[in-house]
1. Please specify each residue of the stretch 69-79 satisfying the condition of being touching a residue at least 40 places away in the same chain (Cβ under 8 Å) and among the charged types (D, E, K, R).
2. Return the only residue of V34, V84 being aliphatic (A, V, I, L, M), touching a Pro at 6+ places or on another chain (Cβ under 9 Å) and at pLDDT 85 or above.
3. Test of understanding: among N53, N97, which residue is in contact with a Gly (Cβ under 6 Å, 6 or more places away or on another chain), exposed (fewer than 13 other Cβ atoms within 10 Å of the Cβ) and modelled with pLDDT under 85?
4. Please tell me if D45 is within 16 Å of M1 (Cα to Cα), of a type in the set (D, E), open to solvent by less than 90 Å² (accessible area, probe 1.4 Å) and modelled with pLDDT of 95 or more.
5. Can you work out which of the residues in the stretch 1-42 that are buried (at least 17 other Cβ atoms within 10 Å of the Cβ) and of a type in the set (S, T, Y) is nearest to M85 (Cα to Cα)?
Amino acid sequence: MILCLSGGLDSVIAYYYLGKPKTIFFDYGDYTKVEKERVLEIAPDTIIDKSLNLAGKSQGKTAYIPNRNLMFAALACRYDNTIVMAGIKDDVVPDKN
């Protein structure tokens, strides 16, 4: 199993709930510096994957990137066959359902 760890509340809770599994963080360009620092504080052995460059691909004020999580899941399968992503129930983002 590998958990996509973003440093956000949902994935951090999943990290501890699942017993600190293997983790991956996608350093995709824009907006990732602070997230990556947080992830490495929580799980120093996290795999940092830089194979996806999404710089300049965000849309709107919220910096939404269509299908970002789908791309993360597709890339995470290089590291394990069981991919885990966490989400908060009321987070309405099209690629999280």
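1. The answer is none; no residue qualifies.
2. On the way: V34 fails: touching a Pro at 6+ places or on another chain (Cβ under 9 Å).
Sole residue among the options that is aliphatic (A, V, I, L, M), touching a Pro at 6+ places or on another chain (Cβ under 9 Å) and at pLDDT 85 or above: V84.
3. On the way: N97 fails: in contact with a Gly (Cβ under 6 Å, 6 or more places away or on another chain).
So the residue among N53, N97 that is in contact with a Gly (Cβ under 6 Å, 6 or more places away or on another chain), exposed (fewer than 13 other Cβ atoms within 10 Å of the Cβ) and modelled with pLDDT under 85 is N53.
4. On the way: within 16 Å of M1 (Cα to Cα): yes; of a type in the set (D, E): yes; open to solvent by less than 90 Å² (accessible area, probe 1.4 Å): no; modelled with pLDDT of 95 or more: yes.
Judged against the criteria, D45 is not a match.
5. S11
The values are calculated or read from the model by the stated rules, or taken from the named source; none is laboratory data. For clarity, every value in this text was computed on a predicted model and none was experimentally measured. All Cβ positions, even for glycine, are placed from backbone atoms using ideal geometry, and neighbour counts span all protein chains on display. What goes into the accessible areas is simple: the full protein's heavy atoms, side chains included, and nothing from ligands, DNA or RNA. Shrake-Rupley method; radii C 1.70, N 1.55, O 1.52, S 1.80 Å.
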